[in-house]
Each structure stands twice: as structure tokens, then as C-alpha cells.
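S.K.: Can you keep this structure in mind? I'll have questions shortly.
The values are calculated or read from the model by the stated rules, or taken from the named source; none is laboratory data. Bear in mind that the values here come from a model prediction, so they are computed numbers and not experimental data. Using ideal geometry, Cβ is built from the backbone for each residue, glycine included, and neighbour counts are taken over all protein chains shown. Keep in mind that these areas ignore ligands, DNA and RNA; they rest on the heavy atoms of the full protein, side chains included. Shrake-Rupley method; radii C 1.70, N 1.55, O 1.52, S 1.80 Å.
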Amino acid sequence: MLSRLSLRDKLALVLWGSALLAFMVAGAGLLIYQNLTLEARAQQFMDPYAQLIALGTESAVAFEDPVRAREILDGLRANPYILRAAIVLDDGRVLASFDGLSQGPPRLAPALQAGITLADGQADLVQALPGGGRLFLSLNLGQLREQSQRMLWIFAAGMLVFVAATFGQLRILRRTISRPVAVLVEAAEQVRTGADYRLRVPAAAGGEIGRLGEGINAMLEAIEQREGELRRLAGLQRTILDNAAHVIISATPDGIVTSFNPAAERLLGYQAAEIIGRQTPECWHDGAEVARHAERLSQEMGVVIAPGFEVFVARPRLNLPEQGEWTFIRKDGTRVPVFLSVTALRDENGRITGYVGLAYDLTERRNAQHQLQLLSFALDQVGETILLMGENAPHFRYVNQSTARTLGYSREELTGGMAVYDIDPGWSQERWKKFWPELVARRRVQFESVHRSRDGRTFPVEVTGNSFEFDGKIYNLAICRDISERKQAEEQIRKLNRDLEQRVVERTAELESANRELESFSYSVSHDLRAPLRAIDGFSGLLERKYAEALDSEARRLLGVIRANSIRMAQLIDDLLQFSRTSRRELSRVSVDMGPLAREVFEEVRGSAPDRNIALRLEELPAALGDRAMIRQVLVNLLANAVKFSAPRGEAVIEIEGVADGPQNVYRVTDNGVGFDMQYAGKLFGVFQRLHGADEFEGTGIGLAIVKRIVDRHGGRVWAESRLGEGTSMYFTLPGCGTKTQPKS
Amino acid sequence: MRLAKLLIVLYGLVLPCLAAGEEMIAANPDRIKAAFLRNFARYVVWPEAAFPDAGSSWHICILGPDPFGNLLDETLEGRIEQGRPFEIFRNTRLDASPSCQILYVAFDQPAQRRAVLAALQHRPVLTVGDADDFLLEGGMIRLQVGERVEMSINLDQAKAASLRIQTKMLEVSRQVLENGILRTRR
């Protein structure tokens, strides 16, 4: 009842109550005090008189002087409250007395004991005097009562002031507390009913009320801010729900759907409006799957879980995580794999207020997983060792199955801290420090190394390190191939090559020896053939000369043919012998002054046709390094050909010139003879090859073969250029010796 | 309150009219005189030299015919004043008396009294007597018996004998002779 009163009434009640209480307690206390202390106060009142009289009447008592005693007692008459006084000597005689009330003899106090007695509104004091005798003193208590009454009057006046003060206090309190509080209450009420937190209570000046007002304002501001934040948060929540890629569905503790976000609409094909308020799982779950889960959960948790909503919330309810893969059935009946996690929503007391399920489509992830598994499987099918290492780290992050198989470690061991150093005895940290920057710079590094398996077996490998950047980090994919077989094959090939070389050397030796035998054979054959020829020619000549008359002209012609052929045969044999010699003879290399040699040979060759008009144009020729006799033979053969094939010309012109062309000198001998068809140029340097008939130009067909053989042996080349009917140029090269020789005229 | 005031007023009016008309019952005057002698030991101050030593008793001498009889002995019996007990000496001649602090001169003859008093001049002996001219004869305290016992004091004589008489005693005396002037107090 008291609590229903307004603050103002409460304050008034308290103030008035305390005032009344104070009044009553103080009044009662005062009365009690007055009564309790009456005797003491009477004593206190009378004591000074008694003392005064005792001192003053000392000698009067001693000398029994009633006059003096009377004089002193008369001093008491001035005090109206002293009713009686008497001085009585020890023997009972009254020395002096006075009685303010009666005419008769003073009524003496019955008590002779020293002390004070209160009775009949008066106090009687008996006191022994120092010089003997006693003093009797009676006091009218009216004085003291009057004192008490006066105090009561003062007290009442005080109370009046107190009441007035209380009124004043009440007014002050009303102005400083009740009214501001009422204002605050009204403002708070307004805020509460209007839920308008922008309102502010009017500012009160100072004090607790002012601070209370400020506090309320600060609180309102905080609430306004909080409300703004809540609104923003709600907006954020809505935005998240609307835009989340994940399916977010919330439900009451009984499984009634309360929210269904756009992602859920997209995934399941239902509209939020047709789902909210319905019981889950009903629409998009596979009943059989739910039943399977229920069975598994029942086993797991040891209690029977009914297939239904219970399956999803049994674990979250116990604060256990509930997540797993499920199949959702879309509105159109198609199935989609999802990952679903269910969480319980709890209020601040831990009571469950609902559940929220988060799900996302696993289709793509499944595909990606499949792709990844395929890739991983494929890598495991590869025979090569494939190692993946991180940035500047020789430790393996991935190894394929082949690595484990080849090296004898498990994949877990390999990826659990093993590094290059553990499988390759040739690697150290220093080598890695040099290797990594090189790999990063070149992207791809290939080298051969050795791997060591768990059982200590080592085998050669070819390692290809590939560095690449992925997601901001550099990785190293090393592919190592066991090259034991290739190494063996290479070794075999090397061995075969060695064998082959050996065989070539042997065969060459054999061939050389066979060649030598052949050449010595042909030399001896040629040599031995000459003797019968000489006999044929000699005896044919003898027959011709001795039997010239006996033989007719026909016979002589035939003999002539025999002799000509035998001579020709001899010539052939000579040429063959020479050809053979050029092949066999050792070269003695000297510097050959080509100019004078050419002139000397020309003069010699020209001698065979003295009647012909032959001009020689000899240019400056570089000196050659070679066998002088053989080079002379080259010039003889070439110049003889030039003279021979220019015979049909009235004026034959032969040019000889040479230039240094690097280490080789190129020489040219040109005539203005009959020339030849260039299509036969290939046959030019073969033994016994002739482009012209013997009847046209004599010759054995060995000359150019010898030229070629000699030039070949000097490491040079010989070739011809010609035009039919215009002349021929013969070129040959010989090693130069760095100096040029002046031609001699 | 009002009643109390009325009472006070009444008291003020009535009290002066009520004169105390009581009278002391008369006692034996000699007994009173004996008590007076004892009281003198309290209200009169003697110089140190008046006593032979600190522990010596009061010597009260009666010179002449003793008026007290046993009364004085009864009065002083067992009493101690200023730490000293009392001794009473009765003589007929001054020179037979030991040195006294209080001397009661009971001679009837004025000549006898004058001789004694003259002999004691300037000596610290309080002389007490009841003759009419005792003060004029050179005595210090005269006791006279009327309705009651009264005393007169010769302060000049006491001063000459180096005795100091307290004011309290003067307050209860009838006549005081000081500086040669006799003043009657009542």
C-alpha cells in the first residue's frame, strides 16, 4: 500500500513521520529526564544555599549567636522557593529559623539524617554544619517544576520551528525531487508508450536528479544507438540470408519451418511462401535416407530415434555437431547431393528456441573431387616418381604411388617430413641453396642423379624439376625416371662402338694390306706384261724389215697395226705403272714454286708439237705445299691435255693462274680447245675414261685419273668446267704455304 | 504556568509578614562560657612561640575562684583543637601558673585583675574575663551573660600580644575595641 503512494506523498509521510517520532521521543525523554533528575536538581539548587549558610553560620553556631544566625538565614528570604530554614544545635536547641509559610514554629523535617527528602511538592534538606549543629532547608519544588514547564514550552516552540522547517523541507524536496522526478517519470512513460527513443528528458539543474536525467538521456541515447545497430544488424542478417549462396532454413523446436532463404528457393525449387509453416522433413528429404540415418543415430546414441525431425536435432540438442551429406529432392523430383549442418538456436538461458540448417550443393564439389581423384589416380598409375615440394622447401608435400613403390617408403613417411636429402645421397642443403634460385629462374631444370631406396639400393634417375606459381606460392614438381635400363643400353652402345672401331681398324689394316698386295701385283703384272710386248713389237719389226719384199702390202699393213697396238699397250702399261706409283709413293712435302714449274712443264710439253702456234699466258701463281714431282706430273698431264685438245685451233691459247683461297690455293688451267659436254663431267676423272675416240685424240684415259689421285692425296679437289667447242678450264686446289711466287717469263 | 506565577506573587507578598518569632531555649551560662573558651582555640591564632613544641597541649588557666566547677572539664574532655588536646590549670597566682595560651581571670578585685593583665601585656596569652571593665583594664575578651552569653573584644590588646582574632569571631561579638574606639555592633 505504501509503495502505491506517489514519491511526493512518500516524502511527506517520511518527513512528518520522522518529525512526529522525534517530537514524541524528545518530549517523553524530556519528561522522564525531568522526573528522574528532580532530586539531583533540587540538591543542585539547594547545595549552594546550604554551603553559604554552613560557612556563614559557622562562628554563629560555635558561639551560639542566634542574631548572626538569623541574619544569615534572613538572606534566604529573598528566594521565594525556600519555604523554611532552621539551624539546630547539637543539643536540639534551635539557634535560628524562619518559615515562609506558617506563623508557627518551623516544622522540622522528621529525618535527622543528612540528605534530601522529596515529599508533598517540597524537598527537605538536612545537612550537618562543620562547627556542630545541623541545617534544615525546605525547598518549594514549584521552582523546579516551573523550570521543567519552561523547558517544555521551549521544546514546544522548538517543535513548531521544526514543523515549519519540515514544511519548508517538504516544499524544497517537492521542488528539487518530487517535481523533477515526476517530469522524468512522465518522459520515461512517454518513451515507453511511444517506443520513441529519440525523445530526451528535459535537463534538470545539477544534483542526483540532474545526473539521473543525464543518465536517462545517456541511456536513451544508448538505446537509440542500440536500436539503430539492431536495425542495421537485422538488415545485415536479411541481406546475408537473401544473398547467401548457402541454403539457410530455420525451424521451430517442433520442426515448423520459419524461414526459407532465396538460395533455398533456387536449390529446391519451392517458394518460401509455400514452405514456411510446414513441418520438416516432409518436402525435400528422402524418407528412406532419413530412416537410414535414424537407425544409425539410434545405434550411435543408444536411444531410439524416430525417423523424422528428431533425426536432425537429436545431436544439436545435446550440443553435438550435426553435419553430413544428404540428398535433397527438388520440387521437380530431381535429386541433388548436399552437405547439411544443423545448429540449435538458444536463448540466453540456454533454452532451445529453434534450429537452423545450412546446406550447400555438393554437385560441383563432387565433380571437382572426382576430377581430383581421377588426377590423383592417374598420377599413381605413372611409372615415374612424382614429387611435389613447396616454396624453397626440400620436403615432400605430395608423392605418387610410384614413389612409394620405387623407394620402399610409405606415402605417409614420405610426406611426413622426408626431404630430398633422404632419398638422394648426392643432395645437401648447400646444393639445395644453389639449386632453388636456378630452378625458379629457369622454370625447368633437368639433370641426372641417384636415388637411394629404403633398403639402401641406389639407382640412376633422370630428374626434371618444374617450378610453377600457384596461388601466390612457388611449387616444385619433380618428375624422376629410373634410367637404369637406358644407362645399360648406352653402355652397350658404347661397347658396340668400341667394338666397331676396333673392327674398322682391323678391317682397314686388312684392306690396306690387300691394297698393297694388289698394287704390288698390278705393278709386277705391268712389269711382266712389258717383256712379251717388247718381244711382239721387236719380232714384228724384225719381220717387217727382213721380209719386206716377201710380204704384200696387206701383210705389211697388218704388221703395222700389230706394232702400233703393242706400242699402245706398252704406253698403257707405263701409265698404269705410273698411276700405281702415285698411289703408293710417300709424299715428301716441300714448298713448290708453282710459276717456274708451270713454265718449265709448258716448254717441255710444247716440244712435242714444235710446229704449232701455242701461246701461254702465265699469271702470278701462289706457292703450294706438296710433293714437287707429283705436282709436276699434275701440270704435265693438264698442260698435255690442253695442248692436245687445242690442236684443231690455228692459234692455241693456254692460260694458267692461281689464287690463295684460305688455307688452299686454287689453280686453273684453261685452253681454247674443243671442250666437252658438261653432262659427262662426272666421268672425266675415272681410269680409262675417255670422252673422245682414240682416233680423234690419242691417249690412254689415265691422265686425269692420275691428276685426281695426286690432288686427292694432297687433300685438294679437282674439277672441270667446259663448253663444247669453246674450251675447257681445269681447276685444282693444293695446300698453300703462305707465300706467293713470282712467275718467271 | 499561570498558577505557578500566581504562587510566586503570593510568596512575595506573604513572606515578609511572617517574622520568625522563635526563641532559643536558655542553657546554663557557665556551660556556654566553657564552650566559648574552647572555641577561642579555634578562632584565635597564636604565634609559634606561644607553644613549647608542636605536640604540646592547650594550656587553659583559670586564675582566681573557679566559676565553672566540673563544667569546663566536661566541655574539654577528649576534645582536640588544631591537633592539640586541652589541659586545665587552676591557680590563684599568676606566677604559680605555667605558661598559658588562654587565661580566664576570675578575680573579683579590679586591682588584682589589673596586675595580672599588666604582667601579661605583650605576651601571647588570650585573656578572658567577665568583669564589666575587663577590656578597659587591659583584658582581651569580655564575656557577659544576659539573655544569652555575649562577648566584647579588645582588638588593640590582642594585636599588642601578637594574637590574631578571626573576623568570624568579630561578627558574633557585641562590642569591639579597635584603635581606641569602642564600637557596639548590636
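S.K.: For chain A, what is the calculated [θ] at 222 nm in deg cm²/dmol (nearest 500), taking -39500 (n - 2.57) for each run of four or more DSSP H residues and dividing by its residue count? Please report the intermediate quantities before stating the final value.
M.R.: On the way: 21 runs with 369 residues, N = 745.
After summing the helix terms and dividing by the residues of chain A, the value is -16500 deg cm²/dmol.
S.K.: Taking a cut-off of 20 Å between Cα atoms, list the lysines near B:K168, but don't count ones fewer than 8 places away on the same chain.
M.R.: Excluding near neighbours in sequence, the set is B:K33, B:K159.
S.K.: Give me the net charge for the shell around A:V687: Cβ to Cβ below 12 angstrom, other residues only, Lys and Arg +1, Asp and Glu -1.
M.R.: Taking every other residue near A:V687 into account, the sum is +3.
S.K.: Which of the residues in the range B:138-186 lose at least 40 Å² of accessible area when you go from the chain alone to all protein chains together (probe 1.4 Å)?
M.R.: Residues shielded by partner chains are B:R148, B:K168, B:E171, B:V172, B:R186.
S.K.: Extending each Cα 7 Å along its Cβ direction at B:V145 and A:Y421, get the distance between those two points in nm, one decimal.
M.R.: Once both label points are built, they end up 15.0 nm from each other.
S.K.: Set Lys and Arg Cβ to +1 and Asp and Glu Cβ to -1, take the dipole of the protein assembly as shown about its Cα centre, and tell me which of B:F40, B:I102, A:W326 lies farthest positive.
M.R.: Of B:F40, B:I102, A:W326, it is A:W326.
S.K.: Local charge sum around B:E137 (other residues, Cβ-Cβ under 14 Å, Lys/Arg +1, Asp/Glu -1)? All intermediate terms of the calculation are to be shown ahead of the outcome.
M.R.: Details: positive: B:R113, B:R114, B:R142; negative: B:D108, B:D130, B:D132, B:D133, B:D156.
Here the charged neighbours net out to -2.
S.K.: Moving to a separate point now. Round to the nearest 10 and report in Å² the accessible area of A:S3, as given by a 1.4 Å probe over the protein chains' heavy atoms.
M.R.: A:S3 has an accessible surface of roughly 90 Å² with all protein chains in place.
S.K.: Nearest 100 Å² is fine: how much accessible area is buried between A and B, summed over both sides, with a 1.4 Å probe?
M.R.: Numbers: alone 43830 and 10970 Å², together 51980 Å².
That pair of chains buries around 2800 Å² in total.
S.K.: Lysines near A:K644 by alpha-carbon distance under 20 Å, same-chain residues fewer than 8 away left out - which ones?
M.R.: A:K683, A:K708
S.K.: Return the lysines within reach of A:K487: Cα separation strictly under 29 angstrom, same-chain partners fewer than 8 residues apart disregarded; answer none if there are no such residues.
M.R.: Straight-line reach from A:K487, under 29 Å: A:K433, A:K434, A:K495.
S.K.: If you count, for each residue, the other Cβ atoms within 10 Å and average over each peptide, how do A:83-91, B:156-164 line up from highest to lowest? Can you show the working numbers first?
M.R.: Values: A:83-91: 21.0, B:156-164: 17.2.
Put in order of decreasing packing, that is A:83-91, B:156-164.
S.K.: What accessible area, in Å² to the nearest ten, does a 1.4 Å probe give for B:K168?
M.R.: About 70 Å², rounded to the nearest 10.
S.K.: Further, regarding this structure: Leaving ligands and nucleic acids out of the surface, order A:F162, A:F732, A:F447 by accessible area at 1.4 Å, largest first.
M.R.: Details: A:F162 80, A:F732 5, A:F447 40 Å².
So, going from the largest accessible area down, we get A:F162, A:F447, A:F732.
S.K.: By how many nm would the segment from A:F377 to A:A119 grow when fully extended, if each residue of separation counts as 0.36 nm and the alpha-carbon distance is taken off?
M.R.: On the way: separation 258, 0.36 × 258 = 92.88 nm, distance 12.86 nm.
Between A:F377 and A:A119, full extension yields 80.0 nm more.
S.K.: While we're on this one: Taking only protein heavy atoms into account and a 1.4 Å probe, give the accessible area per residue of the protein assembly as shown in Å². Don't skip to the end; give the middle numbers.
M.R.: Working: 51980 Å² over 931 residues.
Accessible area per residue: 56 Å².
S.K.: Could you work out what % of the accessible surface of the range A:229-304 is carbon and sulfur, using a 1.4 angstrom probe and leaving DNA, RNA and ligands out of the count?
M.R.: Values: 2450 of 4390 Å².
Taking all protein chains in place, the range A:229-304 shows 56 percent carbon and sulfur surface.
S.K.: State the extension gain, in nm to one decimal, for the chain segment bounded by A:E512 and A:L15, taking 0.36 nm per residue of separation less the distance between their alpha-carbons.
M.R.: Gain on extension, A:E512 to A:L15, equals 163.9 nm.
S.K.: Which whole number gives the average count of other chain Cβ atoms within 10 Å of the Cβ atoms across peptide A:67-73?
M.R.: Details: counts 7, 6, 2, 2, 2, 1, 1.
Counting other chains' Cβ atoms within 10 Å and averaging over A:67-73 gives 3.
S.K.: Also, I was wondering about something else. How charged is the neighbourhood of B:F36? Take every other residue with its Cβ under 15 Å from the Cβ of B:F36, and add Lys/Arg as +1 and Asp/Glu as -1. Intermediate values should be presented prior to the final figure.
M.R.: Values: positive: A:R68, B:R31, B:K33, B:R38, B:R42, B:R79, B:R142, B:R148, B:K168, B:R174; negative: A:E58, A:E64, A:D65, B:D30, B:E74, B:E81, B:D130, B:E150, B:E171.
Summing Lys and Arg as +1 and Asp and Glu as -1 gives +1.
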